[in-house]
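No value in this document is a laboratory result; all are computed from the given coordinates. Here the structure is a predicted model, which means the values were calculated and not measured. Note that we place each Cβ from the backbone using ideal geometry, even for glycine, and neighbour counts take in every protein chain shown.
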Amino acid sequence: MKITYREVNGYLIPNLKLPPEEASVRLGKWGMMYKDYLQKNKKGFFNTLLIQGKLYQHCAVVEKQAKEMFELLIEQMKETEGVTEQLKEENQMEWVCRMQNIEAIAREIVCEEIIYI
């Protein structure tokens, strides 16, 4: 593999491009959170994935897992807490408060179990 460089303020900077399959991956909320976490806290792992051209694919896998876990947790907690469509019809404010609480708890669990590992 031949690497070309460009000079910026007396430093040679490599001209790196993402592989086509990496460039087409779009990350959502969970994938971006995970990527930011790796970049700030797991620099070696982040750089290894980036150099190998596998960063976005890896983050996309983690995003899928996080999204599935988040949705599953919400459904389970709604059932456990008795948050139903009937409650939504009878008392919308109570339903909204309880749903926001459930989502906050689920978000915290997903972050601790999948994102911030």
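List of remarks:
- Among the residues of the range 42-79, those identified as farther than 15 Å from residue 103 by Cβ and touching a residue at least 24 places away in the same chain (Cβ under 8 Å) are 53, 54, 55, 56, 57, 59, 60, 62, 63, 65.
- Residue match in the range 62-71 (condition: part of a helix (DSSP H, G or I) and under 30 Å from residue 15 (Cβ atoms)): yes
- Only one entry of 85, 81 meets the criterion of being loosely packed, with under 13 Cβ neighbours inside 10 Å and more than 25 Å from residue 2 (Cα to Cα), and that entry is 85.
- In the set (1) assigned to a helix (DSSP H, G or I); (2) within 16 Å of the chain's Cα centre (by Cα), the condition left unmet by residue 27 is number (1).
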